[in-house]
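See below for the structure under consideration.
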Amino acid sequence: MSEEKENITTSIWREVAEEDNPFVAEKSYCSGYDVYGDLLGNVTWAEYIYLLFKLEKPKPWQSKLLENIAVAIANPGPRDLSVRGAMNGGVGGSTAASCLMAALAPGAGKNGGAREVYQVMRLWQQCQYDLSLWQQKLTDYEDEQTVEVWPASEHSPGFDPYGASCSTPVIQTLNHLTSIYSEGALAYLAANRNQFEQFADCPLGMTGVIAAAFTDLDLSDEQAEMLFLLLRLPGAAVHSLEQKKLGWRKYPFFGDGLTLTNDPGPTPLKSTFQKTL
């Protein structure tokens, strides 16, 4: 009787089991590279992430661009819905995993979230460097037609529907990323930002900048959506931990709504139980 072999289909990863323990890997290979024998200590975090997603070693400008994207969006700040979700979990005493899941939910959508990055990536695929096509798509944006979990878009993706002008961090990020790679989508967006904003009738948002950068990194729309979710989790994590320590009385939002107007003060548990009896 022939011995059955487990077949794992993946071009990303290959493992060689330890001789005395088939459940533990002696060697792990990512796209052919020995992770713990060759990569560990010799590559940066950005280089390894690029290798995981693209299955090839990044060029110097690609790893630098990805590293700076990660810095730009690591912490969207407490005003961001995803960070607020994590803070809500933290102040309520939720577990670490629950706080991160609370951040992923609003951070996945079409209002500054990962799905908006996906939408802009699709626009880059359709319009590329044709300004007339961009005008057509942004002036009258047609939402995704497939059944999905998010409500329909109410603005052109990649732009800030609440902004009066392009925010300083967005401009700084666009300029810096363009200085790293002065060709492709980033450069085109920087050169035509005013026209793009006129077409969308909104100032450029961070999702628009990041989608252009991901386009230059040759990521697919689905890869970009996933990576955007991942890269924004550090800010959600640290804010949830901080808010957990501060408590609900120091929660920075809706403070008036949490004020007790007739607080009876602490009541001993024993006396309350006796009265109930």
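Scanning region 218-254 for residues that are without any contact (Cβ under 8 Å) to a residue 60 or more places away in the chain and either over 30 Å from residue 144 (Cα atoms) or more than 15 Å from the chain's Cα centre (by Cα) (or both) yields 245, 249, 250, 254. Scanning region 69-97 for residues that are of a type in the set (Gly, Ala, Ser), closer than 29 Å to residue 44 by Cα and surrounded by fewer than 17 Cβ atoms within 10 Å (Cβ to Cβ) turns up 74, 77, 96, 97.
Based on what the data block shows, is residue 213 out of contact with any His (no Cβ under 8 Å at 6 or more places or on another chain), part of a helix (DSSP H, G or I) and either among the hydroxyl-bearing types (Ser, Thr, Tyr) or closer than 16 Å to residue 74 by Cβ (or both)? For residue 213, the condition - out of contact with any His (no Cβ under 8 Å at 6 or more places or on another chain), part of a helix (DSSP H, G or I) and either among the hydroxyl-bearing types (Ser, Thr, Tyr) or closer than 16 Å to residue 74 by Cβ (or both) - is met. Residue 185 passes every criterion in (1) over 24 Å from residue 221 (Cβ atoms); (2) crowded, with 20+ Cβ neighbours inside 10 Å apart from (1).
Please work out if residue 66 is assigned to a helix (DSSP H, G or I), in contact with a Phe, Trp or Tyr (Cβ under 9 Å, 6 or more places away or on another chain) and surrounded by 17 or more Cβ atoms within 10 Å (Cβ to Cβ). Here the answer is yes, as residue 66 does meet what is asked. Of the numbered criteria (1) surrounded by fewer than 16 Cβ atoms within 10 Å (Cβ to Cβ); (2) more than 20 Å from residue 253 (Cα to Cα), the one residue 160 fails is (1).
Note on region 1-23: among residues that are within 34 Å of the chain's Cα centre (by Cα) and loosely packed, with under 10 Cβ neighbours inside 10 Å, the one that is modelled with the lowest pLDDT is 7. Being surrounded by 12 or more Cβ atoms within 10 Å (Cβ to Cβ) and aliphatic (A, V, I, L, M) holds for only one residue in 149, 170, and it is 170. Checking region 116-133 against the condition returns a match, with at least one residue being farther than 22 Å from residue 220 by Cα and either in a helix (DSSP H, G or I) or modelled with pLDDT under 95 (or both).
Is region 58-76 home to any residue that is over 27 Å from residue 235 (Cα atoms) and free of Cβ contacts under 8 Å to residues at least 24 places away in the same chain? Yes: region 58-76 contains one or more residues that are over 27 Å from residue 235 (Cα atoms) and free of Cβ contacts under 8 Å to residues at least 24 places away in the same chain.
For region 101-115, a tally of residues being charged (D, E, K, R) and either surrounded by fewer than 18 Cβ atoms within 10 Å (Cβ to Cβ) or in a helix (DSSP H, G or I) (or both) returns 1. The listed residues are 68, 42, 88, 75, and the only one of them that is within 13 Å of residue 229 (Cα to Cα) and of a type outside the set (Gly, Ala, Ser) turns out to be 75.
The set of residues in region 219-245 being out of contact with any helix residue (DSSP H, G or I) (no Cβ under 6 Å at 6 or more places or on another chain), in a loop (DSSP other than H, G, I, E, B) and not small (Gly, Ala, Ser) consists of 219 alone. Each residue in region 166-190 was checked for being touching a strand residue (DSSP E or B) at 6+ places or on another chain (Cβ under 9 Å) and either outside any helix (DSSP H, G or I) or under 21 Å from residue 127 (Cα atoms) (or both), and 4 of them qualify.
The values are calculated or read from the model by the stated rules, or taken from the named source; none is laboratory data. Computed from a predicted structure; not experimentally measured. We place every Cβ from the backbone using ideal geometry, glycine too, and count neighbours over all the protein chains shown.
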